[in-house]
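Since the structure comes first, as structure tokens, the remarks are kept for the end.
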Amino acid sequence: MNCYLLALCRSSSLDRDTSTFSLFSMTKDIQVLGFTPRMEVPIEAHIYLELAPEEIGTDIEMRGVWIGEDGARTSGEPNKLPTTARFVQSRSVAIRLPPTLGLSHFTAEWRSIGDLEWKTLPTRWPLMITAAESPALPPVPPPAA
């Protein structure tokens, strides 16, 4: 499995006819008002994978992972990712921040369904998180009941 794109951005657009996509405001630093560990923010995570022929048809689980400067790892919830084609894309429209302010790196881990061991993608995206004094990036509102 080869990760050929991993990025964090504020928004994106995909032209389904041409498969052209655009990432807007690629994000390497944010200021967050009222920071709390694991808070959700409206930042998209894009992960694009190229599979080896033998990996096609093997369903996998993938989860986002934050790696702090001290090496501490914080994993998100796994999501099932079908692998029915050579190229697989994953997009999240909101992410949970790591438990601490400062520099962290976002990456992903994957495993075949049923496997116990997670494999970490070698690609990482840096994100510097600082506390804001005024609203710069509001938290994602909770889903409607």
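Read the figures in this text as sums done on the coordinates, not as results from a lab. What you see is a predicted model, and the numbers here were worked out from it, not measured in a lab. Note: ideal-geometry Cβ built from the backbone for every residue, glycine included; neighbour counts use all protein chains shown.
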> For the residue pair ASN79 and LEU116, what label-to-label distance in nm results when each label sits 7 Å from Cα along the Cα-to-beta-carbon direction?
Replying inline: 2.8
> Considering only the chain, what is the antiparallel percent among its DSSP beta bridges, to the nearest 5?
Replying inline: 90
>> Cβ neighbours within 10 Å, averaged per peptide: list 35-44, 96-105 in order, most packed at the top.
In response: 96-105, 35-44
>> As I understand it, the dipole of the chain uses +1 on the Cβ of Lys and Arg and -1 on the Cβ of Asp and Glu, about the Cα centre. Which of THR123, ALA52, THR36 lies farthest toward its positive end?
In response: THR36
>> Treating only the Cβ of Lys, Arg, Asp and Glu as charged (+1, +1, -1, -1), what charge dipole size does the chain show about its Cα centre? Round to the nearest 20 debye.
In response: 180
> Got a sec? Which residues in segment 1-45 would a label at GLU133 touch, if it sits 7 Å along Cα→Cβ and we count backbone N under 18 Å?
Replying inline: 30-35
> Given labels modelled 7 Å from the Cα in the Cβ direction, how far is it in nm from ASP59 to SER13?
Replying inline: 3.5
> How many angstrom lie between the C-alpha centres of segment 87-133 and segment 7-58?
Replying inline: 10
>> Restricting to DSSP loop positions (anything but H, G, I, E, B) with no more than 15 other Cβ atoms inside 10 Å of their own Cβ, which GluC sites (Glu not before Pro) remain in segment 51-113?
In response: GLU69
